[in-house]
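**Q** A single structure is presented below for examination.
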């Protein structure tokens, strides 16, 4: 089935749709779908942890002219499994004068925020768990919940270094959220909708990164940089700045709960890459150019899920590349980058986007 | 300035300065009471201009019952060196601090206090450097003994 | 008037600010003794006001082994083995300081081959030490990859040393009267291979780290040490030269064969972290230049002018010898009573002076700057504690 410009017309059907569809006839099927959703998210988190941690170690190794994990399994692919087993068996140490309840709660708060965003990301036309009509707003609001985990961890550890790390992280994340939101809004203006699946569908004739001309590119760069700052990755990892604060906010964590922080950082990275891909690189939409029907049909032969995985994978690689190349920025330089550089550019970009949308200043016509 | 000229210039500043014998480089001995004034003078004097204190240490002459304090000075401007030596009695090892002249003296003197037990008057922060605050004794002295020491078999 | 020594607690209390109605509360944070970026077992008590450093109190002594006391029981040849363990990244130069002090005092003559070998080894050691410094510097700033690149290149020099001296870190190579073994037959070939390998790498690192805008922002204008303060604190080596004072013993005293080779002394302008970084990178280039001039023309001769079992007795008196190591001026002060063992041996340690310059540079800056400053000073703590 093709649409007006010759590309496949995809029908988006999320798990939530199926559940509501099944509800009046067979409530058990609906419950089954809900359980399937829960299991899918759990499996995705676990799978992501496994794959991404191994990928990070191998990529880091190759950037540093060494091999990385090689012994556990063929070229070390079971290394993460071995590490997880090790962390499970470690003693869970809680400092004596730490705030016990908060100390236990903090890693879960961190993980909660990321998992809740995983639920709304469109992985493919049929692989999406829920498609809220305020998609972008939901991502922004819930994603910002992660800062709570870091602050609580730093506070409850009863350790000056942790406090310092947590305070820095708090200031950093709150500041960079503004840039993220402004870049996000640019895409919303062009796409005309907040719903994530509709934003993907609106990129059927070309991804926003070029279809919104320079504005899209600038917004993409701002969004990428601000997202890397949001997830506390180098060059913005002052919160856990290893060589300065020993461990930062997770100094006093050991065993499985440390693993949760670690896991939430990697799943966060996936989420940041996935949201960037969805908004700017078309999500699961293949690479289409305007109305070149023949080209577009060829591109459609590759399944959308592969497109999504490829784009997200590429962005994850770029984020890892940043980590192993750049040194860390100092906290005041970080703040200056946000407030004096990214924010003004973002605001001007948003204004330009409004003008472009209002007066239809497009090269590619809108359907 | 050559070695002899330095010693000559120095003895003009302080009459009681005598050349220290058996030393391969220019060295003078001054009495301990005039040390602070002497050091200030040779630091400020434009022809001598000893602006860097290379090192400061002490030698425990157990047989003569004295500590010999050594200050090796260097002039970056002129490129010459001088060693200043002074002696304090072992049972009352007090000398005035030169930390107001060279900042590093503050910590060099702390080290000598820690290991030899020489006390410096006018020192802003006289405490032990390497050993714990409550250590008993001064290890670099020749008659130091404690429970952990191993004696060489004769 | 009795002179009363104080304790660490008194010192901490002495620095406390007077509380006023609008003051913020300052707090003490302990960096070390176990910390990823205090280059050794060093404890820094940092008094912070938010993120701003108000005072830094270094506490040393965790690696105090009593080397000077041990020296009074060892002959001069045996003491060489202890001198390695001071600033272990400049082990060969440390050996040379003590060996030269003994030779000057006892009147031992050495030939040109020995001088050339010693100079070559000292310059290779300087490059090796700066390679490690560069790697650790990158790691402290957050660019962890630099650490692995630095060590990868350092391995080449370490292998050259291992071939000739038998050891990778504490070489015990330079003895009074010569060097312990003659250079390995492959020494010249391997050094040339290393130079050909390393020169393009140095340019690569310039692009990767020095040219990086984040590195520049972290280092420029941070931790300025004025020349007056630098001389008064007695800093030497790259720290002093970065502050604008052109003092290098290789030029002024021209020991070894330094008088016969052409090389420049890099001197900084402002005395900030960037200058200290740049001075060391330039020093690596100059060391390469020196090695290139010497490697092809090592004179023939014996590698030891006295018998290895000859007894070395220094005449009675006071002797002092200084030399430029990778970190600054190391000095050996020997008081001899005419015997085989020194009556008192004192080592003037470059890192001792260089570390205390942190207390002059850090107040008013942030913690991240403190880490950058400590890294740019390049401290090796066992040298401080001896």
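**Q** Under 6 Å between Cβ atoms, which residue pairs at least 6 apart in sequence (or on different chains) link something in segment A:82-102 that is closer than 30 Å to residue A:69 by Cβ with a partner that is outside any helix (DSSP H, G or I)?
**A** Pairs that qualify, where the first residue is closer than 30 Å to residue A:69 by Cβ and the partner is outside any helix (DSSP H, G or I), are A:82/A:72; A:90/A:254; A:93/A:254.
**Q** Further question on the same structure: In segment C:13-30, is there at least one residue being part of a loop (DSSP other than H, G, I, E, B) and either at pLDDT 90 or above or crowded, with 19+ Cβ neighbours inside 10 Å (or both)?
**A** Let us first name the residues in segment C:13-30 that are part of a loop (DSSP other than H, G, I, E, B), namely C:15-26.
In the following step, the residues that additionally are either at pLDDT 90 or above or crowded, with 19+ Cβ neighbours inside 10 Å (or both) were identified as none.
Checked segment C:13-30: no residue is part of a loop (DSSP other than H, G, I, E, B) and either at pLDDT 90 or above or crowded, with 19+ Cβ neighbours inside 10 Å (or both).
**Q** When you look at residue A:345, is it away from chain C (no Cβ under 14 Å), closer than 19 Å to residue A:175 by Cβ and in a helix (DSSP H, G or I), yes or no? Explain how you work it out, then say what you get.
**A** Numbers: away from chain C (no Cβ under 14 Å): yes; closer than 19 Å to residue A:175 by Cβ: yes; in a helix (DSSP H, G or I): yes.
It is true that residue A:345 is away from chain C (no Cβ under 14 Å), closer than 19 Å to residue A:175 by Cβ and in a helix (DSSP H, G or I).
**Q** Please go through segment B:82-96 and give me each residue that is buried (at least 17 other Cβ atoms within 10 Å of the Cβ), free of Cβ contacts under 8 Å to residues at least 60 places away in the same chain and closer than 15 Å to residue B:35 by Cβ, ordered by number.
**A** First pass over segment B:82-96, keeping only residues buried (at least 17 other Cβ atoms within 10 Å of the Cβ): B:82-88, B:90, B:93, B:95-96.
Now narrow it down to the ones that are free of Cβ contacts under 8 Å to residues at least 60 places away in the same chain: B:84, B:86-88, B:90, B:93.
If the condition is that a residue be buried (at least 17 other Cβ atoms within 10 Å of the Cβ), free of Cβ contacts under 8 Å to residues at least 60 places away in the same chain and closer than 15 Å to residue B:35 by Cβ, then B:84, B:86, B:87, B:88, B:93 are the ones that fit.
**Q** With the requirement that a residue be more than 9 Å from chain B (Cβ to nearest Cβ), at negative phi and not in a helix (DSSP H, G or I), what does segment C:337-369 give you?
**A** C:337, C:339, C:340, C:341, C:342, C:345, C:362, C:363, C:365, C:366
**Q** To continue, here is another question. So, in segment C:217-234, how many residues would count as being under 20 Å from residue B:99 (Cβ atoms), crowded, with 17+ Cβ neighbours inside 10 Å and more than 9 Å from chain B (Cβ to nearest Cβ)?
**A** Kept after step one, since they are under 20 Å from residue B:99 (Cβ atoms), are these residues of segment C:217-234: C:225-234.
Adding the requirement that they be crowded, with 17+ Cβ neighbours inside 10 Å leaves C:225, C:230-234.
Pick out the ones that are also more than 9 Å from chain B (Cβ to nearest Cβ) and you get C:225, C:230.
So the answer is 2.
**Q** Right, another one. Determine the pairs where a residue that is at pLDDT below 90, located within segment C:277-305, has a partner that is surrounded by fewer than 17 Cβ atoms within 10 Å (Cβ to Cβ) and outside any helix (DSSP H, G or I) with Cβ atoms under 8 Å apart, the partner being 6 or more residues away or on another chain.
**A** Going by the 8 Å Cβ cut-off, the qualifying pairs are C:299/C:111; C:301/C:111; C:302/C:111; C:303/C:181; C:303/C:182; C:305/C:109; C:305/C:111.
**Q** Being within 14 Å of chain C (Cβ to nearest Cβ) and part of a helix (DSSP H, G or I) narrows it down to one of A:322, A:308, A:317, so name that one. Walk me through how you get there before you give the answer.
**A** Working: A:308 fails: within 14 Å of chain C (Cβ to nearest Cβ); A:317 fails: within 14 Å of chain C (Cβ to nearest Cβ).
Just a single option satisfies the conditions, and that option is A:322.
**Q** Right, here's the next one. Is it fair to say residue C:42 is at pLDDT 80 or above and either exposed (fewer than 13 other Cβ atoms within 10 Å of the Cβ) or away from chain B (no Cβ under 12 Å) (or both)?
**A** Working: at pLDDT 80 or above: yes; either exposed (fewer than 13 other Cβ atoms within 10 Å of the Cβ) or away from chain B (no Cβ under 12 Å) (or both): yes.
Spelling it out, residue C:42 is indeed at pLDDT 80 or above and either exposed (fewer than 13 other Cβ atoms within 10 Å of the Cβ) or away from chain B (no Cβ under 12 Å) (or both).
**Q** Can you tell me how many residues in segment B:77-110 are facing chain C (nearest Cβ under 10 Å), under 20 Å from residue C:249 (Cβ atoms) and out of contact with any strand residue (DSSP E or B) (no Cβ under 7 Å at 6 or more places or on another chain)?
**A** 2
**Q** In segment C:154-206, what count of residues is obtained for those that are on the phi > 0 side of the Ramachandran plot and within 21 Å of the chain's Cα centre (by Cα)?
**A** The number of residues fulfilling the criteria is 1.
**Q** Scan segment A:145-172 for residues that are at pLDDT 80 or above, crowded, with 17+ Cβ neighbours inside 10 Å and either within 14 Å of the chain's Cα centre (by Cα) or not in a helix (DSSP H, G or I) (or both) and jot them down.
**A** A:146, A:157
**Q** When segment C:235-276 is examined, which residues are found to be outside any helix (DSSP H, G or I), touching a residue at least 12 places away in the same chain (Cβ under 8 Å) and within 14 Å of chain B (Cβ to nearest Cβ)? Spell out the reasoning first.
**A** The first filter runs over segment C:235-276 and keeps only residues outside any helix (DSSP H, G or I), leaving C:235-237, C:243-248, C:253-257, C:261-272.
Checking which are touching a residue at least 12 places away in the same chain (Cβ under 8 Å) leaves us with C:235-237, C:243-246, C:248, C:253, C:255-257, C:261-272.
Hits for segment C:235-276 are C:235, C:236, C:237, C:243, C:244, C:245, C:246, C:248, C:253, C:265, C:267.
**Q** So, one more: Please pick out the residue among B:120, B:113 that is part of a strand (DSSP E or B) and either touching a residue at least 12 places away in the same chain (Cβ under 8 Å) or more than 8 Å from chain C (Cβ to nearest Cβ) (or both). Before you say what the answer is, go through the steps one by one.
**A** Values: B:113 fails: part of a strand (DSSP E or B).
Of B:120, B:113, the one residue that is part of a strand (DSSP E or B) and either touching a residue at least 12 places away in the same chain (Cβ under 8 Å) or more than 8 Å from chain C (Cβ to nearest Cβ) (or both) is B:120.
Each row is one residue, and each column tells you yes or no for (1) more than 14 Å from chain C (Cβ to nearest Cβ); (2) at pLDDT 90 or above; (3) in contact with a strand residue (DSSP E or B) (Cβ under 6 Å, 6 or more places away or on another chain); (4) surrounded by 15 or more Cβ atoms within 10 Å (Cβ to Cβ).
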{"site": "B:1", "(1), (2), (3), (4)": "yes, no, no, yes"}
{"site": "B:6", "(1), (2), (3), (4)": "yes, no, yes, yes"}
{"site": "B:11", "(1), (2), (3), (4)": "yes, no, no, yes"}
{"site": "B:17", "(1), (2), (3), (4)": "yes, no, yes, yes"}
{"site": "B:31", "(1), (2), (3), (4)": "yes, no, no, no"}
{"site": "B:44", "(1), (2), (3), (4)": "no, no, no, no"}
{"site": "B:47", "(1), (2), (3), (4)": "yes, no, no, no"}
{"site": "B:55", "(1), (2), (3), (4)": "no, yes, yes, yes"}
{"site": "B:59", "(1), (2), (3), (4)": "no, yes, yes, yes"}
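**Q** Separate question: Mind listing whichever residues of segment C:284-324 are within 14 Å of chain B (Cβ to nearest Cβ) and part of a loop (DSSP other than H, G, I, E, B)? Can you show your working first?
**A** Residues of segment C:284-324 within 14 Å of chain B (Cβ to nearest Cβ): C:314-324.
Selection gives C:314, C:315, C:316.
**Q** Select from segment A:314-332 the residues that are buried (at least 16 other Cβ atoms within 10 Å of the Cβ) and over 21 Å from residue C:147 (Cα atoms) and list them in ascending order.
**A** Of everything in segment A:314-332, those that are buried (at least 16 other Cβ atoms within 10 Å of the Cβ) and over 21 Å from residue C:147 (Cα atoms) turn out to be A:315, A:316, A:331.
Okay, residues lined up against (1) over 24 Å from residue C:94 (Cβ atoms); (2) in contact with a helix residue (DSSP H, G or I) (Cβ under 7 Å, 6 or more places away or on another chain):
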{"site": "C:263", "(1), (2)": "no, yes"}
{"site": "C:275", "(1), (2)": "yes, yes"}
{"site": "C:283", "(1), (2)": "no, yes"}
{"site": "C:286", "(1), (2)": "no, no"}
{"site": "C:290", "(1), (2)": "no, yes"}
{"site": "C:304", "(1), (2)": "no, no"}
{"site": "C:311", "(1), (2)": "no, no"}
{"site": "C:319", "(1), (2)": "no, yes"}
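**Q** Does residue B:68 fit the bill of being part of a loop (DSSP other than H, G, I, E, B) and either surrounded by fewer than 22 Cβ atoms within 10 Å (Cβ to Cβ) or more than 8 Å from chain C (Cβ to nearest Cβ) (or both)?
**A** Considered against the rule, which asks whether it is part of a loop (DSSP other than H, G, I, E, B) and either surrounded by fewer than 22 Cβ atoms within 10 Å (Cβ to Cβ) or more than 8 Å from chain C (Cβ to nearest Cβ) (or both), residue B:68 comes out as no.
**Q** Of the conditions (1) more than 25 Å from residue C:377 (Cα to Cα); (2) modelled with pLDDT under 90; (3) within 11 Å of chain B (Cβ to nearest Cβ); (4) within 26 Å of the chain's Cα centre (by Cα), residue C:10 clears all except one; give me its number.
**A** Result: residue C:10 passes all but (4).
**Q** So, one more: Please go through segment C:45-66 and pick out each residue that is more than 14 Å from chain B (Cβ to nearest Cβ) and either modelled with pLDDT of 85 or more or in contact with a helix residue (DSSP H, G or I) (Cβ under 8 Å, 6 or more places away or on another chain) (or both).
**A** First, pick out the residues of segment C:45-66 that are more than 14 Å from chain B (Cβ to nearest Cβ): C:46-54.
C:46, C:47, C:48, C:51, C:53, C:54, listed by residue number.
The values are calculated or read from the model by the stated rules, or taken from the named source; none is laboratory data. The structure presented is a predicted model; accordingly, all values stated were derived computationally and were not measured. We place every Cβ from the backbone using ideal geometry, glycine too, and count neighbours over all the protein chains shown.
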